[in-house]
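The values are calculated or read from the model by the stated rules, or taken from the named source; none is laboratory data. Note that the coordinates shown come from a computational prediction; the quantities given were computed from them, not determined experimentally. Neighbour counts are summed over all protein chains in view; Cβ atoms, including those assigned to glycine, are modelled from backbone coordinates with ideal geometry. Keep in mind that these areas ignore ligands, DNA and RNA; they rest on the heavy atoms of the full protein, side chains included. Shrake-Rupley method; radii C 1.70, N 1.55, O 1.52, S 1.80 Å.
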Amino acid sequence: MIVEVRNIVKRYGESIAVDHVNLSIKEGAIFGLLGPNGAGKSTMINMMIGLARIDGGEIKILGKDIKKHEMFVKSHIGIVPQDIAIFEDLTAEENVTFFGKLYGLKGSSLKQGVEEALAFVGLWDRRKQFSKNYSGGMKRRLNIACAIAHKPKLIIMDEPTVGIDPQSRNLILQSVKALNQMGSTVIYTSHYMEEVEEICTDVTIMDHGKIIAQGTKEELKELISSEEKITVEISTISHTVGENIKKIDGVRECTLRDQYLEVISQKNSKNTGEIIDAVLESGSKVQSFNVESPTLEDVFLTLTGRSLRD
Ligand SMILES: Nc1ncnc2c1ncn2[C@@H]1O[C@H](COP(=O)(O)OP(=O)(O)OP(=O)(O)O)[C@@H](O)[C@H]1O
């Protein structure tokens, strides 16, 4: 295991942000840490990288306790923080050089690492430009380059696609996969379920400072494989219809999203007629009806009764 977290606790005054969490991350994984805002993801990450004091438990990275081997651990990890951390008045090349030195590179390995990192994120041709003139997506890519020049064994990315255009987002997701194929283990936090489904091999879902489910993507979906997701497009929104559908046999959860009712139901419950009746009784028409297998988002919904984006 490249990361082992044992019984870790973080308190802020009376409240508990991370509540006795255990997790192990395999070398070679793209490990998705998923949860809604405030779940405790950033706090977990901040403890791993020494930015937040650990109130209880221990974290080992590459087999070493991070409190006792701070320098060793820091030199083997690359951190892509949630808030972009680059110097706007430096060029892209100067930025990556600065961070490369911080991570302990010098001489020809520094030069080579900087070149490779900038080429990797597609910014080599614009390396002499001041980063303040970059677009949001380019700044995010530069943020990644700063974390990888020293070829870390473990790369930690905290919500690296927040607030960027779809093209840069895609580029970032592809680069996560490429970094992984080149030998880095990646920890990737997000509240975008689709991203995690697309790139991660292993997933841990946090909520209220606790782990509520963990395993491979397939294992997590297996948790609710006895269920299906029924989406009903309705013509008129009524807030009581969801409550009525929840009372139907076999229904686990029902949420209203714009014009759509999303119903998680036990497979083969033969309750679709009743669901349609409940919609019609609410005075609405059924515009469309669709049944599909659950996604990770549905796993979260079933486990917590809430959507990830509430
Ligand atoms: N410095 C702090 N002081 C007090 N409370 C904090 C502090 N940092 C985080 N918290 C609280 O700890 C809990 C977990 O927050 P955290 O930022 O780790 O969540 P998160 O899952 O990373 O969410 P987000 O996606 O919004 O970053 C929240 O209730 C938050 O308000």
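Just a few scattered comments:
- Label-to-label distance for Arg53 and Lys270 is 6.3 nm, based on points extended 7 Å past Cα in the beta-carbon direction.
- Carbon + sulfur, % of accessible area of the chain - ligands and nucleic acids excluded, 1.4 Å: 49
- Here's the list of lysines a cross-link from Lys285 could span, going by alpha-carbon distance under 25 Å and ignoring same-chain residues fewer than 8 apart: Lys229, Lys246, Lys247, Lys267, Lys270.
- Average accessible surface area per residue within the range 172-310, 1.4 Å rolling probe, Å²: 47
- Aspartates and glutamates with Cα under 18 Å of Lys217, excluding same-chain neighbours fewer than 8 positions away: Glu27, Glu194, Glu195, Glu197, Glu198, Asp202, Asp207, Glu227, Glu228, Glu292, Glu297, Asp298
- Note on Tyr260/Glu116: beta-carbon distance plugged into 1/(1 + (r/R0)^6) with R0 of 41 Å gives a FRET efficiency of 0.35.
- Spin-label model distance (nm) - Lys68 vs Phe98, 7 Å beyond Cα toward Cβ: 3.5
- For the chain, the Kirkwood hydrodynamic radius from C-alpha pairs, put into Stokes-Einstein at 10 °C and a viscosity of 1.306 mPa s, yields a diffusion coefficient of 75 µm² per second.
- Cα-based helix-to-principal-axis angle, 107-120 vs the chain, degrees rounded to 10: 30
- Nearest-ten-degree value, helix 272-281 long axis tilted from longest Cα axis of the chain: 80
- FRET efficiency for Lys153 and Glu88, using Cβ-Cβ distance with R0 set to 30 Å, rounded to 0.05: 0.50
- Each of Tyr12 and Ser235 was given a label point 7 Å from its Cα along the Cα-to-Cβ line. The distance between the two points is 4.8 nm.
- Estimated from helices alone, the mean residue ellipticity of the chain at 222 nm is -10500 deg cm²/dmol (sum of -39500 (n - 2.57) over DSSP H runs with n ≥ 4, per residue).
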